[in-house]
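The values are calculated or read from the model by the stated rules, or taken from the named source; none is laboratory data. Not measured: the values here are computed from a predicted model. As a convention, Cβ positions derive from the backbone with ideal geometry for all residues, glycine included, and neighbour counts pool all protein chains shown.
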Amino acid sequence: MVTGKTKLERILIWKTNSRGRITAELEKLIDEGELPVMPKFWEAGQEDKLAIDIINKCCSKVDNEQFSEMKDVLKRSLSQIRGYRELRDHVERMCKERYDRENEIHEKRLLKLWELLMPMENLEARMTNQWQKIGFQAKKKIFFSNYKLKISFGHDPATDFRGMGILSLEQLIFLAQYDVAHAQSILSHSNHPLYGFPMAVTGINLTALVRQLLQVNALKMHFYNTISGTPTIDNFHHVFCQVFKLFCAFWTRRKPEVVYFNKIKDDFETQLMVHLNSEEANLDKLDIRSFE
């Protein structure tokens, strides 16, 4: 159907409940080079001027009210696109920062995790088997789908952070500090005598999962649908919390032994991807009933 409007204009005036789809379509135009005045990279604060320049260059003449509406839509989408790219870089920097026992800040953060999860029990020492109570340093080897994470005899949880660096510690702290009820529920399920799992090590593995999802752009639709502007590291930590809650429910329903962790995690990831690939992707609205 010929409307006399450019592709960009049709996207900007599109009436849909899926905000994420609008941003995804605009991002496709940018990636395909269909917006000649659009730079490959831009900074925060430039979106307003960019939106005005793009609409003036690439759209037919519109009245002031419609121009303002189109500008707001484009400005929001540009902020989302830039923010997602910056978030990927931020997450990678955190992942590459190794846990350092000589770093006082790292050590304090690790002790903070214990205090949040075990407020009624003091650590007897920095090196202690007590860490096993929250899922560190279990006495088995567990093999995960993307890399092997060896859990050996010992008393120092710092060794478990080698795969995901400081990122995994910060995500566990975020869960324990800002989603207290679910953190305690997960900890309780993890200590089930038959169907338990090492909470901290599982969390580290789920950090690896959400980091991978971010890098392959599988979290774009979730963020584009739920965050009006630039997603932050806290928004990413929130994704981790949602995924951990869903995984715990998925695991509990299956009632497996820990030796089947790899199989259960793969099944969970497969079904999670189905939802993330949806135009309406929104982890905040997803619950275990959405899984088979």
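Quick look at the values:
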read-out	value
Selection within segment 102-130 - under 19 Å from residue 184 (Cα atoms) and either at pLDDT below 95 or part of a loop (DSSP other than H, G, I, E, B) (or both)	118, 119, 120, 121, 122, 123, 130
When residues of segment 101-110 are limited to those that are touching a residue at least 12 places away in the same chain (Cβ under 8 Å) and over 24 Å from the mean Cα position of the chain (by Cα), the one surrounded by the most Cβ atoms within 10 Å (Cβ to Cβ)	107
3 or more residues touching a residue at least 40 places away in the same chain (Cβ under 8 Å) and either loosely packed, with under 15 Cβ neighbours inside 10 Å or of a type in the set (A, V, I, L, M) (or both): qualifying helices (runs of 4 or more DSSP H) within segment 1-84	19-31
Residues of segment 1-27 that turn out to be closer than 18 Å to residue 230 by Cα and at pLDDT 90 or above, as a count	8
